[in-house]
Each structure stands twice: as structure tokens, then as C-alpha cells.
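Take a look at the structure set out below.
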Amino acid sequence: MFKKTQLISTADLTRADVDFLVKEAESLRGKRTKDLQGKIAATLFFEPSTRTRLSFESAAHRLGASIISVADPKTSSLAKGESLEDTIRVVDKFADIIVMRHPEAGAAERAVKCTKKPFINAGDGANQHPTQALLDMLTIKREMGKIDGLVIGFTGDLKYGRTVHSLLYLLAHYKIRKIFLISPKELRLPRMYLDLLRKARIPFAETADLSKSIKEMDVLYMTRIQQERFKNEKEYRKYKGAYVLTAGLVRKGKKSLRVLHPLPRIDEIATEVDNLPQAAYFRQAENGMYMRMALLKNLSK
Ligand code: NCD
């Protein structure tokens, strides 16, 4: 059973929640249902998105809901200077379920103070992206058959990467054998997440070398260096292209290695990797739709 009606952070989820939602998502795979018939879902995206918004909207349609949407922040009254709080108070009257993405960390927390309706954080700045973390768990479970006992590597922007931060909270509930944290020194994982791993007794190693650590991994989670999180273009250029996963590098790993990426990819995975069985990122994107069906269905019950 899943009792929550609002999802802000993966820090609020238990292992039982994750296991339940993964099962639910699998049971909804490829289905069309009437679970949300007559309901209206609002998707408010105040920061760019392709996958997250479209998979939420496809998920809502598949459950029989209708959708109202802000896909471009420039077209909403936030651009006129309206507060986030006022926007949410109004959308609360129009919709039965609210899904929101916002560029500021903590925005989801502020928004739920203004609505009691089912609410889903679809990403708030560098803070959290809980639905991505849940679809990542679904993907790992589906690709590897298990989560306990795995060796998992994270590569790229571990400082600002909200998908990494969110996923670590969920992995902390499992017996992960080891986590590799691979990033340029300046983009290392913030200390609070290292403390989380220590508390969960998950062994981890911080390194800048992907080609050595890849040999030990079961799952490699690649991330994009996120230009929009840097102060300026010059800062971003320092790290752009820091890691590029090639087919040769993938072949250094186990045959059973699976490569995940929340997408969008810029240049951190060479397109030659796409056709290898190890490349799980497009399957991962599809899984996102089923996980979002599971969430929309269970949060709005
Ligand atoms: C991620 C995000 O928005 O945080 N994308 C996504 O939702 N699939 C990762 C990213 O933008 O790099």
C-alpha cells in the first residue's frame, strides 16, 4: 500500500514504498486503464523538459485523465512576477493532481504549503527529482533482476545532479556492495550525500578514473554536465566533455554491465554505445512512463 498523496523528496520514501511502486509500474506496463477517469492533471514545467513532462502526460492519458499544462515558463504569469505560491493556490482550484518542475531548490516544498491536492515534484533545481529516482530503481530491478549486492558507479556532475542525489536516498535502503563516485574534483558529491552512504554502511570510493573502476561495476549511471547550473559559460566549459563513454570503454566492463542515463545526453555517451546490449537508457526512459502511471494512480487514490 502507498499512503502518501504528495511526493517531494526520495528522503521520504521507504524500501517498502519503492518495492511497491516498482511492482505497480510493472503491472501497468503497456496498459490503458480508467483509474483516473474524470480527473484533471496539471503539469507545470517552469524549467525545460522533454521526457519528464511528456511521459507524465502520456501516463495520465493512459490512466484516463485529462491534462492542463504549462510547458514554457515564459507563457505563465510567473513571468509577470506572480509568486509561485499564488500560482499554486490558483492551479489548486483547476486541477485534481499537480505535477511541477521548477529551477529553484526547495520550490516543491514551498508549493505543497499552498495545496492539499496530490502533488508530485518533477525536479526542483539541484535538489530533488524523485520520480526519476524511482524509474531508475525500476530500471535497475528490471535489467539486473535485483538491487541488493550490486556495484554501482555514478559519473559526471555529482555536485549539481539532482537525479544522483535522489537515487542515493533510495539505494541507501538496499545492501549495495559498493558505489563508485566518478567526477572532476570540483563536481564531487556534496558531503551530506557521503554522510548518507556512511550511515547506510554502503562502501564508496571517490575517483576521477572511469576506465579503471568500470571493470567492477554492474550498473554505470552516467550524467550530463549541466550547463544551466553553472554561473557562466566559462565555468561550464571547464568541465564539458570531462567524461565520454565509448564502446571501447564499455567493453572493458562486465558483459552484464548496464549503462543508465537520465537523459538528455550531450556528449558524455558516444552514440556508438546505443546499439550495445549494455545501453539501457532508452529502455529507462520508457520505464519512466510506467513509474509515473504508478505514481499518478496511487497518489490520487
Ligand atoms: C534530468 C533532470 O532534469 O534532472 N533529466 C530528466 O529529467 N530526465 C537530468 C538532466 O537534465 O541532466
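The values are calculated or read from the model by the stated rules, or taken from the named source; none is laboratory data. Keep in mind that what you see is a predicted model, and the values were worked out from it rather than measured. A quick note on method: Cβ atoms are made from the backbone with ideal geometry, for glycine too, and the neighbour counts reach across all protein chains shown. Just the protein is used for accessible areas: all its heavy atoms, side chains included, with ligands, DNA and RNA removed. Shrake-Rupley method; radii C 1.70, N 1.55, O 1.52, S 1.80 Å.
Residues that are in contact with a Lys or Arg (Cβ under 8 Å, 6 or more places away or on another chain) and under 20 Å from Lys297 (Cβ atoms): find the helices (runs of 4 or more DSSP H) completely inside the range 27-115 holding 2 or more of those. Outline the logic, then answer.
Numbers: elements: 51-62, 84-94, 107-111.
Answer list for the range 27-115: 51-62.
Restricting attention to the range 50-71, does a residue exist that is of a type in the set (Asp, Glu) and farther than 26 Å from Phe282 by Cβ? No: zero hits. Among residues that are more than 16 Å from the ligand (Cβ to nearest atom), of a type outside the set (D, E, K, R), touching a strand residue (DSSP E or B) at 6+ places or on another chain (Cβ under 6 Å) and without any contact (Cβ under 8 Å) to a residue 60 or more places away in the chain, Ser83 is not included. Selection over the range 19-55 of residues that are closer than 16 Å to Met289 by Cα, within 17 Å of the chain's Cα centre (by Cα) and surrounded by 13 or more Cβ atoms within 10 Å (Cβ to Cβ) gives a count of 10.
Is there a residue in the range 141-156 that is open to solvent by 10 Å² or more (accessible area, probe 1.4 Å), closer than 21 Å to Glu268 by Cα, polar (S, T, N, Q) and in contact with a Ser or Thr (Cβ under 8 Å, 6 or more places away or on another chain)? Within the range 141-156, none of the residues are open to solvent by 10 Å² or more (accessible area, probe 1.4 Å), closer than 21 Å to Glu268 by Cα, polar (S, T, N, Q) and in contact with a Ser or Thr (Cβ under 8 Å, 6 or more places away or on another chain).
Within the range 270-301, the residues that satisfy the criterion of being assigned to a loop (DSSP other than H, G, I, E, B) and either of a type in the set (S, T, N, Q) or touching a helix residue (DSSP H, G or I) at 6+ places or on another chain (Cβ under 9 Å) (or both) are Ala270, Asp274, Asn275, Leu276, Gln278, Ala280, Ser300. For the range 188-241, a tally of residues being within 16 Å of the ligand (Cβ to nearest atom), open to solvent by 50 Å² or more (accessible area, probe 1.4 Å) and not polar (S, T, N, Q) returns 2.
Taken over the range 128-164, the residue count meeting the criterion of being near the ligand (Cβ under 10 Å from one of its atoms) and assigned to a loop (DSSP other than H, G, I, E, B) is 5.
Total residues in the range 246-269 satisfying the condition of being within 16 Å of Gly153 (Cα to Cα), assigned to a loop (DSSP other than H, G, I, E, B) and of a type in the set (Lys, Arg): the figure is 2.
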